[in-house]
Amino acid sequence: MEPLPKEGESAAGTGGEPSRGAAPSSGVVVQVREKKGPLRAAIPYMPFPVAVICLFLNTFVPGLGTFVSAFTVLCGARTDLPDRHMCCVFWLNIAAALIQILTAIVMVGWIMSIFWGMDMVILASKYSQGLSQKAA
């Protein structure tokens, strides 16, 4: 019968060596990138207060906040579709608003509309953080 390892020793090795099953002290960094479809990538980066208003509108009138956000693209709001023309991105946002309005009858559009508004607020917070870091 083998003696139990002392405190500070591993069962597999001697001294301070980690056992094979133990995780190493330095790990591997994994970077994950979200692949966005054209409708999701067309959500504009808006100022935070405008994004909150769009979320509020989307919560109570499905698609209305998305419809309003489409016009921010015409006012120069940036999107994740830099290679597409401004009018194309505008119509993608109008299409998303129409999908939300038409499917709100079966609750799908209402839920999609709320998630769309939440995405607008998340993008706005990332955008405002980026601006504050550039200013510093």
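The values are calculated or read from the model by the stated rules, or taken from the named source; none is laboratory data. Predicted model, so just to flag it, every value in this text is computed and none were measured. Using ideal geometry, Cβ is built from the backbone for each residue, glycine included, and neighbour counts are taken over all protein chains shown. What goes into the accessible areas is simple: the full protein's heavy atoms, side chains included, and nothing from ligands, DNA or RNA. Shrake-Rupley method; radii C 1.70, N 1.55, O 1.52, S 1.80 Å.
Looking at region 61-79, which of its residues are in contact with a Gly (Cβ under 7 Å, 6 or more places away or on another chain) and part of a helix (DSSP H, G or I)?
Correct list: Gly65 only.
It is to be established whether one or more residues within region 5-14 are at pLDDT below 95, assigned to a loop (DSSP other than H, G, I, E, B), among the hydroxyl-bearing types (Ser, Thr, Tyr) and under 19 Å from the mean Cα position of the chain (by Cα).
No, that holds for no residue.
Among the residues of region 43-65, is any closer than 24 Å to Gly130 by Cα and polar (S, T, N, Q)?
no
Is one or more of the residues making up region 71-84 over 15 Å from Leu39 (Cα atoms), open to solvent by 30 Å² or more (accessible area, probe 1.4 Å) and among the basic types (Lys, Arg)?
no
Keeping to region 45-70, report how many residues are over 14 Å from Asp119 (Cα atoms), touching a Ser or Thr at 6+ places or on another chain (Cβ under 8 Å) and surrounded by fewer than 15 Cβ atoms within 10 Å (Cβ to Cβ).
Here the count works out to 0.
What residue, of Leu98, Leu92, is out of contact with any helix residue (DSSP H, G or I) (no Cβ under 8 Å at 6 or more places or on another chain) and farther than 11 Å from Trp116 by Cβ?
The unique qualifying residue is Leu98.
For Pro82, indicate whether it is outside any helix (DSSP H, G or I) and modelled with pLDDT of 90 or more.
Here the answer is no, as Pro82 does not meet what is asked.
If Arg40 passes every condition in (1) in a helix (DSSP H, G or I); (2) of a type in the set (D, E, K, R); (3) open to solvent by 50 Å² or more (accessible area, probe 1.4 Å) but one, which one does it miss?
Evaluating Arg40 over (1) in a helix (DSSP H, G or I); (2) of a type in the set (D, E, K, R); (3) open to solvent by 50 Å² or more (accessible area, probe 1.4 Å) leaves (3) as the failure.
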